[in-house]
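Everything below concerns the one structure shown next.
The values are calculated or read from the model by the stated rules, or taken from the named source; none is laboratory data. Given the structure is predicted, the values throughout are model-derived calculations rather than measurements. Cβ atoms come from the backbone with ideal geometry, glycine included; neighbour counts cover every protein chain shown.
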Amino acid sequence: MLRKGWTRLTLFPKLVLALLIVVAPLYAVGLLANKTGADSIRRELDQSMQAKTDFYLSSLESEKAHITNLEQEILIDADLQRLTFITPILSPFDWTQTVSRVENKLQLIRGSSEYIQNVSVHMMTLGRTISSNKPITDSIAPDYEAVRPSGDALQNDMISWNNRMFLAMQYPDPARTNRPPSYIVSVEWSVPKLQAALRQFTQGDRSGALLYHPSDGWLVGNGQGGEDREDIGRFLKRQYDGDVRQGVRTLRLGGSGPEMLLAYEYSTFFRAYLAVYTPSDSVLGHQKSFAWIYWALSVLSTLIIIVYSYWLYRLLHRPLILLIRSFRRMEEGQLSPISLPRGRDEFYSLFTHFNRMTDRLGKLIHQVYEQRLRAQTSELKQLQSQINPHFLYNTYFILYRLAKMNDIEKVTALSHHLGEYFQYITRNAAAEVPLQDEVNHSRTYVDIQNIRFAKRIAVAFDELPEACRLLPVPRLVLQPLLENAYHYGMEGKRRDGRIDIRFAWDGRRLTATVEDNGEMLTDARLGEVNEQLLQSGGDIEHTGLINVHRRLRLRYGEESGIRLSRSALGGLRIDLTIDYEKAAEGESPDEATVDRGR
């Protein structure tokens, strides 16, 4: 019953109860510790000093990491490399601008940390130094001696030179390129600022802090207690030789001097020890009891934090991660539901609504996809049905005149061509036909027009390439192009009319070109028709060229369609393109099924 009531609680009461579970034991143990005292304040103090030392060291390491990152960024700076490697080919203006940008970047680095005294770049290829504090020099600056390579590549280590501290990097790295560096980026640390920071770590007149490098022997202290620092340096050297990297020790300075409580820790990042020391009497006094209570408090606190963290992980983090992953799967198109949690908290409601949302999205996507396919199918059929061979009006009049003239041979030929023409355009068995059939129909159309225009117009059909004879094309896409040439290009042509039809196939794309030498096409009209092709969509009534263009784009994608330009013959050139590869890439299985069914 209790478990059932707990699972029905919302997230807020659970967090409140969890806070009480965490605070109550700590508070109880604290009261017990205050009541009974502590017989081991020394140990607690050791831990406190070690933690303080670790904190101070972490702050210094963070600052060094920050400076190192800035140094690495400027090491591969494009302007610096440009200045170093291509100075001879730079114009004076470009060289000045590049130097200015590099100086600005060095000044930005210098201003990013109070521990930075100066940032310099020693360019051995140019024999010059550029820094944040001074303009570019005509020779290598003297402090180059501090970072001069001595065989091995410079490591990410502090260098002491003439009571100054440096951090340097080389480009390129000799260890990788097996050649001397072209330039060295040097960051000079501010020793007074470092000493000031060390002074902040200590309290009292006899307290102190220092950084000691056991390999190179340099030492930076807080500015007081010179003899004390030397004794501590010797002690840390012994610890380093004995592979002891951290600890808290009682150390009597000078043999008969005051007893100091010394906390030290070795930093692999600095390759140095940070030591904080203070007189034992000032911190220990006469408190020697109650140690076990403090240890118990520490252990209990740790266990409580671990348990509480794990409980929060199960309660909050894991469901959130599951929800985030589900949203990422949704972005990828995987609309899968989430398993509901056992509890009835806010996550149960979120997961429930998420599952409802995925179900609803799946249905909506399916509905939209079906509607798009139905709309595309209907539009294709509507566009095809709009084709109206208006030239037949004139053809019937020609047939009438031929019959009155008793020209039976031409009447017979024209009737035969008209029969084939009507048979083709009224056949609805398939939306697509082989290209050969479409070309034959276009030839029939040309034969009809030849009877009408007699010898005024010469039509040249190129031979259809064998490889594309059986390519599927929408019905009635070539004849509208020829109809346009006759109606708009040849209508006013009294003699020497010419229409050329050519075909090209490159293995993935079919191009059919229709050119005429008509004289009626103006540049304004050409631009107007091109604009209509670009806007062919929506509620525009599609006829003629726009009809063909729209049908091809619907079926074969945006790369297909027709394009108009000025013909080399003087009239209009129409290029009809069908990109079969793009159509195959963009066609889904459902679309293919719909197309086969049309």
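Looking only at residues in the range 117-136 that are closer than 19 Å to Phe85 by Cβ and not hydrophobic (A, V, I, L, M, F, W, C), which one is surrounded by the fewest Cβ atoms within 10 Å (Cβ to Cβ)? Don't jump to the end; show me each part of the working.
Narrowing the range 117-136 to residues closer than 19 Å to Phe85 by Cβ: 120-130, 136.
Those still in the list that are not hydrophobic (A, V, I, L, M, F, W, C) too: 120, 122, 125, 127-129.
Working: Ser120: 26, His122: 25, Thr125: 13, Gly127: 11, Arg128: 20, Thr129: 23.
Checking each candidate, the answer is Gly127.
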- Note on the structure: Leu9 vs (1) assigned to a helix (DSSP H, G or I); (2) at pLDDT below 75: all pass except (1)
- Message: Report every pair of residues separated by at least 6 positions or lying on different chains whose Cβ atoms are under 7 Å apart, first residue within the range 329-340 and more than 14 Å from Pro319 (Cα to Cα), second in a loop (DSSP other than H, G, I, E, B).
- Response: Arg329/Ser336
- Lone unmet requirement of (1) over 35 Å from the mean Cα position of the chain (by Cα); (2) of a type in the set (Asp, Glu); (3) closer than 24 Å to Arg82 by Cβ for Glu145: (3)
- Item | Qualifying residue in the range 49-71 (condition: within 18 Å of Ala296 (Cβ to Cβ), modelled with pLDDT of 70 or more and more than 44 Å from the chain's Cα centre (by Cα)) | no
- Message: For the range 471-492, which positions are in contact (Cβ under 8 Å) with a residue 40 or more places away in the chain, hydrophobic (A, V, I, L, M, F, W, C) and under 11 Å from Leu521 (Cα atoms)?
- Response: Ala485
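Tell me the residue from Ala458, Ala454 that is assigned by TED's automatic domain parsing to the domain that holds Ala431, in contact (Cβ under 8 Å) with a residue 40 or more places away in the chain and surrounded by fewer than 17 Cβ atoms within 10 Å (Cβ to Cβ), please.
Numbers: Ala454 fails: in contact (Cβ under 8 Å) with a residue 40 or more places away in the chain.
One residue alone meets the criteria, Ala458.
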- Task: Could you check, for the range 203-213, whether at least one of its residues is assigned to a loop (DSSP other than H, G, I, E, B), at pLDDT 85 or above and closer than 30 Å to Ser280 by Cβ?
- Result: yes
